[in-house]
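The values are calculated or read from the model by the stated rules, or taken from the named source; none is laboratory data. What you see is a predicted model; the values in this text were computed from it and never measured. Ideal geometry is used to build each Cβ from the backbone, glycine not excepted, and the neighbour counts take in all protein chains shown. For the accessible areas, the whole protein counts, side chains as well, though only heavy atoms, and no ligand, DNA or RNA atoms are used. Shrake-Rupley method; radii C 1.70, N 1.55, O 1.52, S 1.80 Å.
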Amino acid sequence: MKKFTQVTGVVAPIDRANVDTDMIIPKQFLKSIKRSGFGPNLFDELRYLDEGQPDADCSKRPINPDFVLNQPRYKGASIMLARRNFGCGSSREHAPWALDDYGFRAVIAPSFADIFFNNCFKNGLLPIVLDEKEVDKLFEETFAEEGYQLTVDLERKKVIKPDGTELSFEVDEFRQHCLLKGLDEIGVTLEDREAIAAYEARRKAEAPWMFLGVQS
Amino acid sequence: MAGKTLYDKLWDSHVVKQRDDGSALIYIDRQLLHEVTSPQAFEGLRLAGRKPWRVDANLATPDHNVPTTERSAGVQGIEDPISRIQVQTLDENCEEFGIVEFKMLDKRQGIVHVIGPEQGATLPGMTIVCGDSHTSTHGAFAALAHGIGTSEVEHVLATQCLVQKKMKNLLIKVNGQLSRGVTAKDVILAIIGVIGTAGGTGYAMEFAGEAIESLSMEGRMTICNMAIEAGARAGLVAVDDKTIEYVKGRPYSPKEELWDKAVAAWRDLKSDSDAVFDKVVELNGADIEPQVTWGTSPEMVAGVNSSVPDPEKAEDATAKEGISRALKYMGLQAGAAITDIKLDRVFIGSCTNSRIEDLREAAAVVKGRKVAANVKQALVVPGSGLVKEQAEQEGLDKIFIEAGLEWREPGCSMCLAMNADKLGQGEHCASTSNRNFEGRQGFGGRTHLVSPAMAAAAAVFGHFVDVRELI
Ligand code: SF4
């Protein structure tokens, strides 16, 4: 997994609540069997004026000039600012893949949907929960100042504003550790293979019907 | 010490190892796989040279991409080449790793969340995952079931475990009885209307109360299915006689002596009477009327006899903005009566409402009637090949066809329109599925979530009607 230590970048504001994963990456792009290449279709229905097709060349499509990511001032953004319940709906990991592929490294919002929140960590993308009032203020500042940038310091668990103000956020120790080191979570879990085998042995004795297994 | 909730019990019995930071390694008893969220997981395994930890804990089937029209040509007959590759990839991966798959032409094929319970692959007390958020469906069997992302699918394949943090406990109690014509779908939509789409975030949501106890297993699955639409990854209902009756005799259910032992253990799968929940929400079953969503989020819902809300009366700026945006997308006027909404298409299906009971309810409404002239298409898509077979034995297919509805092959179909079944731009659809997000059923399509009986009534009248007036 990609390491995450410190990121400084332009902030792109997505100013609506309940952004769902269908919106982040519409279903027709879920037909891919790869993990990459979703960036050009991030927010497809909002970003382009026509209907997106999985194999179309996006550089030739009519763009919606009103959409944030199409405005020159947010070009190259790597930090997304969002409203409450971001990432709700479908469990598709294609949503963080698309954000990552586009170049986002962190998403800041007052709250996230559980599955999306989880999926981010598996992909080196950092979801940051800040107080709703702080998020409101960040929106104001982003709108007010062209090229507004933030720094995210994962080690110190701080979001740092251009004027040096620091906002603290929480992150699970284990997840922080995995992100900082870019660790493969499966590898970490397999270090506990004996504990898993011991659990299975004990459980088989207690509740053997759980292990009947699927046969064709 | 206070007693345990059902969720506490399921959690405790699956902890492999507690970690210092509050997370734990949780054992997973069953994983369901489908073609959309698994290819990258298998690819990851291959790249790392890993093998599945326990092959027989997995069951796979293609559902999202499969055509629902005549499909005897099998995978090769899927017209969209990208869909075809995805279904083929699932076949190849299952073959390579030795995972049992109900392929497209197998009559046991269907929507993952329909076939799990149908086969007895979903058992009380299990932990069940699938790369699909509606895995919450299986919670109807007092199983801890939730959706996961593709990285976690790979993690479960490789380790049979997941790293999890314990959720909080939420109890939703629906007291009293439902009125006639009001179904499980209306109950869960009403609940979401009350607590909102983020109301259950961070919680395992247990449904209890007389109205829930009175529901069939199908109804309970409908309720748990949409727990995720209320923000909760997992929904739960305690075990009772109905649960055990449903599970009995299924292909993968325990048999004979093992069955008796299992049943004895399952009887304890309920919250203790002195268990403490972090949050409790109570509703009165008798107050719930048939529900219709008018907006682009399941919480944008109203009783069939009320009207579309006015954004000017919203509680705050974000809500006002949300309502205005939704009305614009849906092409609706503030204050319009729900029963004045005209429909272009009707979809009866999806993992929320495609089981035999759902089809019976819809058939009872359309029987002897005809689809309205303004409805271009009304689809009935059974949840699995076995549901289809049963419905045909009961003659439901004939009732639908005579009324002018289309009777299709099983799959997800127009629930998310990954196959050829979709809405045209601006079309209104009465749908028994679970999501009314923008573009969910097709680019620019307008979805109204309803129960099967309400969808059937809408098909016949061409606009929404209170189904209670028909039965
Ligand atoms: S029926 Fe719809 S919600 Fe259910 S699994 Fe299929 S696509 Fe997902």
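Annotation for segment B:123-143: at least one member residue is more than 16 Å from the ligand (Cβ to nearest atom), more than 11 Å from chain A (Cβ to nearest Cβ), part of a loop (DSSP other than H, G, I, E, B) and buried (at least 22 other Cβ atoms within 10 Å of the Cβ). Return yes or no: is A:E140 more than 11 Å from chain B (Cβ to nearest Cβ), within 18 Å of the chain's Cα centre (by Cα) and open to solvent by 10 Å² or more (accessible area, probe 1.4 Å)? Criteria not met by A:E140.
Answer yes or no: is there a residue in segment A:93-105 that is farther than 23 Å from B:T37 by Cβ, out of contact with any Ser or Thr (no Cβ under 8 Å at 6 or more places or on another chain) and either more than 9 Å from chain B (Cβ to nearest Cβ) or of a type in the set (S, T, N, Q) (or both). No - not one qualifying residue is present in segment A:93-105. The lone criterion from (1) assigned to a loop (DSSP other than H, G, I, E, B); (2) touching a helix residue (DSSP H, G or I) at 6+ places or on another chain (Cβ under 8 Å) left unmet by B:Q425 is number (2). Would segment B:356-371 turn up any residue that is acidic (D, E), within 13 Å of the ligand (Cβ to nearest atom) and either crowded, with 19+ Cβ neighbours inside 10 Å or away from chain A (no Cβ under 14 Å) (or both)? The answer is yes, given that some residue of segment B:356-371 is acidic (D, E), within 13 Å of the ligand (Cβ to nearest atom) and either crowded, with 19+ Cβ neighbours inside 10 Å or away from chain A (no Cβ under 14 Å) (or both).
When we screen A:N118, A:N123 for residues that are buried (at least 23 other Cβ atoms within 10 Å of the Cβ) and at pLDDT below 95, the only hit is A:N118. Counting only helices (runs of 4 or more DSSP H) wholly contained in segment A:131-216, the ones carrying 2 or more residues that are farther than 30 Å from B:V100 by Cα occupy A:132-144, A:173-181.
Has segment A:90-107 got any residue that is more than 27 Å from A:L180 (Cβ to Cβ) and either within 16 Å of the ligand (Cβ to nearest atom) or in contact with a His (Cβ under 7 Å, 6 or more places away or on another chain) (or both)? Yes, some residue in segment A:90-107 is more than 27 Å from A:L180 (Cβ to Cβ) and either within 16 Å of the ligand (Cβ to nearest atom) or in contact with a His (Cβ under 7 Å, 6 or more places away or on another chain) (or both).
Looking across segment A:175-189, the residues that are open to solvent by less than 30 Å² (accessible area, probe 1.4 Å) and either within 7 Å of another protein chain (Cβ to nearest Cβ) or not aliphatic (A, V, I, L, M) (or both) come down to A:Q176, A:C178, A:G182, A:I186, A:G187, A:T189. Just one residue in the set A:D66, A:D50 is assigned to a loop (DSSP other than H, G, I, E, B) and over 16 Å from B:F443 (Cα atoms); that residue is A:D66. For segment B:66-100, give me each residue that is over 22 Å from A:S216 (Cα atoms), surrounded by fewer than 16 Cβ atoms within 10 Å (Cβ to Cβ) and among the hydroxyl-bearing types (S, T, Y). B:T69, the sole residue that qualifies. Residues of segment B:419-430 that are without any contact (Cβ under 8 Å) to a residue 40 or more places away in the chain and more than 14 Å from the ligand (Cβ to nearest atom): B:Q425 alone. Name every residue in segment A:28-76 that is of a type in the set (V, I, T) and either within 22 Å of B:E79 (Cβ to Cβ) or touching a His at 6+ places or on another chain (Cβ under 6 Å) (or both), in order of residue number. Answer for segment A:28-76, where residues must be of a type in the set (V, I, T) and either within 22 Å of B:E79 (Cβ to Cβ) or touching a His at 6+ places or on another chain (Cβ under 6 Å) (or both): just A:I33.
Cβ separations smaller than 8 Å between residues 6+ apart or across chains give the following pairs from segment B:444-461 residues that are modelled with pLDDT of 95 or more and outside any helix (DSSP H, G or I) to residues that are of a type in the set (D, E) and surrounded by fewer than 24 Cβ atoms within 10 Å (Cβ to Cβ): B:G445/B:E427; B:R446/B:E427.
Yes or no, residue by residue, for (1) at negative phi; (2) open to solvent by 10 Å² or more (accessible area, probe 1.4 Å); (3) within 14 Å of the ligand (Cβ to nearest atom):
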residue	(1), (2), (3)
B:W407	yes, yes, no
B:P410	yes, no, yes
B:A417	no, no, yes
B:T432	yes, no, yes
B:G444	no, yes, no
B:T447	yes, no, yes
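Examine segment B:391-400 for a residue that is among the β-branched types (V, I, T) and more than 16 Å from the ligand (Cβ to nearest atom), and state whether such a residue exists. Yes, segment B:391-400 has at least one match. The set of residues in segment A:1-36 that are part of a loop (DSSP other than H, G, I, E, B) and closer than 30 Å to B:L47 by Cβ comprises A:M1, A:K2, A:K3, A:F4, A:T5, A:I25, A:P26, A:S32, A:I33, A:K34, A:R35, A:S36. Among the residues making up segment A:105-130, those that are among the hydrophobic types (A, V, I, L, M, F, W, C) and in a loop (DSSP other than H, G, I, E, B) are A:A113, A:L125, A:L130.
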